[in-house]
Each structure stands twice: as structure tokens, then as C-alpha cells.
1. Take residue 138 and tell me if it is under 30 Å from residue 66 (Cα atoms) and within 12 Å of the ligand (Cβ to nearest atom).
2. Residue check, residue 63 against (1) away from the ligand (no atom under 16 Å from the Cβ); (2) touching a helix residue (DSSP H, G or I) at 6+ places or on another chain (Cβ under 9 Å); (3) of a type in the set (A, V, I, L, M), all met but one. Which one?
3. Could you say which residue among 175, 120 is within 16 Å of the ligand (Cβ to nearest atom) and within 19 Å of residue 85 (Cβ to Cβ)?
4. Look through 53, 13, 24 and report the one residue that is modelled with pLDDT of 95 or more, touching a Gly at 6+ places or on another chain (Cβ under 8 Å) and more than 15 Å from the ligand (Cβ to nearest atom).
5. Please enumerate the residues belonging to region 1-31 that are under 23 Å from residue 92 (Cα atoms) and assigned to a strand (DSSP E or B).
6. Within region 199-206, does at least one residue satisfy the condition of being in contact with a Gly (Cβ under 7 Å, 6 or more places away or on another chain), modelled with pLDDT of 95 or more, of a type in the set (A, V, I, L, M, F, W, C) and in a strand (DSSP E or B)?
7. Hey, does region 33-45 have a residue that's touching a residue at least 12 places away in the same chain (Cβ under 8 Å), in a loop (DSSP other than H, G, I, E, B), closer than 24 Å to residue 184 by Cα and among the hydrophobic types (A, V, I, L, M, F, W, C)?
8. Mind listing just one residue for me: the one in region 104-127 that is surrounded by fewer than 14 Cβ atoms within 10 Å (Cβ to Cβ) and at positive phi and, of those, farthest from the chain's Cα centre (by Cα)?
Amino acid sequence: MMRVVILISGRGSNMASLLAATASGALPVEIVGVVANRADAQGLATATACGVSTRIVDHRLYAEREAFDAVLAATIDDFAPDLVVLAGFMRILGDSFVRRYAGRLLNIHPSLLPAFPGLHTHRRALAEGVRIHGCTVHFVTPDLDHGPVIVQAAVPVLDGDDEAALAARVLVREHQIFPLAVRWFAEGRLHLNDGRVTLDAPQDGSGVLIAPPVVGG
Ligand code: GRF
């Protein structure tokens, strides 16, 4: 089975959705390690409770980004992963780190990229008055929140939404599309061509693409 390492910074609900998908058999990968850049990341306890090895690489101990990235990479490589997944990992990673894992580094971002890269996406979506918002799983490139899109899910922005309500609606979809994207990767169905992603049909003979979720309530 494909070996996956997950990087987190906090709550870890996306990590938990990936762990739940592996436990149910919906996601045929082995999550071999979880690495956090903060010792107080809540998700560490969740990972431990699921029997997954955890490591902490505290970014505050490193004056230079390159030094942090190097220790992070060494920590990840100890797990010999096939795929590295950023699940609410809130540190910007340097070019050489990103290149090291090129084509096997995925991120989830809480907006419909290329709209709203960076922080406070839900607040900014409300301030702009957009009627559709959502989330994106993409391959990571050195450009922050700009890598090739694998799958997106959209949700409506409803009258009366505040940041928390909109974030909660998006998070439900994050928990659906992240395991889906990782499964596609594990099945070898994702291909990168000229900065775009294509998805092969499933191998079960049905010949039918699984339609990505588009709009949800
Ligand atoms: C998610 O909305 C993720 O998309 C963003 O940060 C949040 C992390 O949540 N990058 P969690 O730690 O997965 O619960």
C-alpha cells in the first residue's frame, strides 16, 4: 500500500477525515506518520489515538526557513512516504522542499483557487460578496496556493452567513474531497501535463469517471 505522511499545524480535522477513510476501507493507503510544526497541535492526539506515529518539528527553533525545511524533510523521509499531504499545515515551504516532493505533495485550501489564496479566505469571500465559495485540493508548487488543481467542491454563500458558518459549510466538503483526491493519487489515476491535472477512468471496468462534487448545500 502507498505510504502517506500528513503535515498538520492545528485541529487536524482534515487529517482525521483521511484517517477515517483509511479505517473504513474507502482510502487504500497507509498513513505512516503525522508531523506537526507545533507541539500543541490538537491533531497530534487524534493521530496517536489512531495508532499513527507522530513527530514535532517546531519552526520556532529555526532562525532560517531553509533549516526548518531541511529538518522537516529529514523527519518526513524517515517514514519513506510515497505521498506527502498538507492538511492545515500553516507554514510556507521553500522552493527546494517543494521540489524535493514534486508531484507527490498535495495541499487542501479553503477557497476555489485561484480565488483567495493565502489566509482568511472565508472572511475575504464574504467581504467580496461572492455567491459561490468552496475548497480545492491541488499539487503543491513553489507558488503559494497556486498549484495544479485536482478537485474542487463549491458551496453557496447564504444570506446571513458569518465567517464561522461559511467555514463550517466549506469544511464538510473539504472532508469529502481530500480523501477522494488522495485515493485518485493512490490509484495512479492523476497525471500532470503542462501544469494541469488529468484523471484516468477507474480500473474497475466501469469506464465512468467519478464526477467530482460541484455544488453542495
Ligand atoms: C482547513 O480549512 C484547511 O483547508 C486550511 O486550514 C484548515 C485546517 O483545518 N488550510 P484542520 O486542521 O484540517 O481541521
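The values are calculated or read from the model by the stated rules, or taken from the named source; none is laboratory data. Note that the structure is a prediction, hence the values are computed from the model and not measured. Neighbour counts run over all protein chains shown; Cβ positions are idealised from the backbone, glycine included.
1. Yes.
2. Among (1) away from the ligand (no atom under 16 Å from the Cβ); (2) touching a helix residue (DSSP H, G or I) at 6+ places or on another chain (Cβ under 9 Å); (3) of a type in the set (A, V, I, L, M), the lone unmet condition for residue 63 is (2).
3. One residue alone meets the criteria, 175.
4. Of 53, 13, 24, the one residue that is modelled with pLDDT of 95 or more, touching a Gly at 6+ places or on another chain (Cβ under 8 Å) and more than 15 Å from the ligand (Cβ to nearest atom) is 53.
5. 4, 5, 6, 7, 8, 31
6. No, region 199-206 has no match at all.
7. Scanning region 33-45, I find no residue that is touching a residue at least 12 places away in the same chain (Cβ under 8 Å), in a loop (DSSP other than H, G, I, E, B), closer than 24 Å to residue 184 by Cα and among the hydrophobic types (A, V, I, L, M, F, W, C), so the answer is no.
8. Once the filter is applied, the top-ranked residue is 120.
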